[in-house]
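Single-structure report; data block below.
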Amino acid sequence: MFIDFNALKERLSFEEVINKLELDLPFSNNQFRGQCPSCKGGDSRVLVITPGKGFYCNVAGLGGDVISLTAHVKQCSVKDAAKYLADCFPTDEAPKATPEGFDPEAYAEKLDCSAEALEAFGVSTTLIEKVGWMGVCKKGVNKGKLVFPLRGEFGEFIDFIGVENVSLPKKWRCE
């Protein structure tokens, strides 16, 4: 399922997400402040959420938008946090494959993720499972290339990229 991260961020307020995450944070001086439920360190004012602007955790030293807050509190990836929020706050709109009409999941399902296909690139099936949507393309402009998703700053899918020659760190290579 494609999730439009920007639309999700525009549509959800910090107040809605705070309630969904069941965060007990007092509000004063236009901010929610409290102890971070994820870091469980510092005083009772280390997590700062300013509605309409963003959040910052002084213990972890990170901040961001409603998706990043959810990822931090639930200790999951930004992608999983976006899916969680999209599931919790569904819209009446029919889901789109992508804004351009391309379905990345359908494309990814056609990639060859077998150990034999990956061996030429020195890529392990474990890496493929971790990255997702990665494998050897069987036809088209990327035929015979190792294809993987190009993602934006917040984990949103941008496009696929195909490479012929790969030089991976040793820990990612097949043994």
## Note on the structure
Scanning segment 103-124 for residues that are buried (at least 16 other Cβ atoms within 10 Å of the Cβ) and not in a loop (DSSP other than H, G, I, E, B), the one modelled with the lowest pLDDT turns out to be Leu118
### Query
So which residues in segment 26-75 are of a type in the set (A, V, I, L, M) and loosely packed, with under 15 Cβ neighbours inside 10 Å?
Leu62
#### Entry: Unmet requirement for Tyr56, which otherwise passes all of (1) more than 18 Å from the chain's Cα centre (by Cα); (2) under 24 Å from Pro149 (Cα atoms); (3) aromatic (Phe, Trp, Tyr)
(2)
### Task
Might you let me know whether segment 81-102 holds any residue that is surrounded by 15 or more Cβ atoms within 10 Å (Cβ to Cβ), without any contact (Cβ under 8 Å) to a residue 24 or more places away in the chain and in contact with a Ser or Thr (Cβ under 8 Å, 6 or more places away or on another chain)?
yes
### Message
Quick check on segment 126-175: of everything there that is polar (S, T, N, Q) and more than 23 Å from the chain's Cα centre (by Cα), which residue is modelled with the lowest pLDDT?
### Response
Ser167
### Query
Got a number for residues in segment 5-20 being buried (at least 18 other Cβ atoms within 10 Å of the Cβ) and assigned to a loop (DSSP other than H, G, I, E, B)?
1
### Query
Using beta carbons and a limit of 7 Å, which pairs, at least six apart or on different chains, have the first residue in segment 1-29 and at positive phi and the second one β-branched (Val, Ile, Thr)?
none
### Summary
Residues of segment 116-134 being at negative phi, in contact (Cβ under 8 Å) with a residue 12 or more places away in the chain and not hydrophobic (A, V, I, L, M, F, W, C), in sequence order, are Glu119, Ser124, Thr125
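The values are calculated or read from the model by the stated rules, or taken from the named source; none is laboratory data. Note that the structure is a prediction, hence the values are computed from the model and not measured. Cβ: placed from backbone, ideal geometry, glycine included. Neighbour counts: every protein chain shown.
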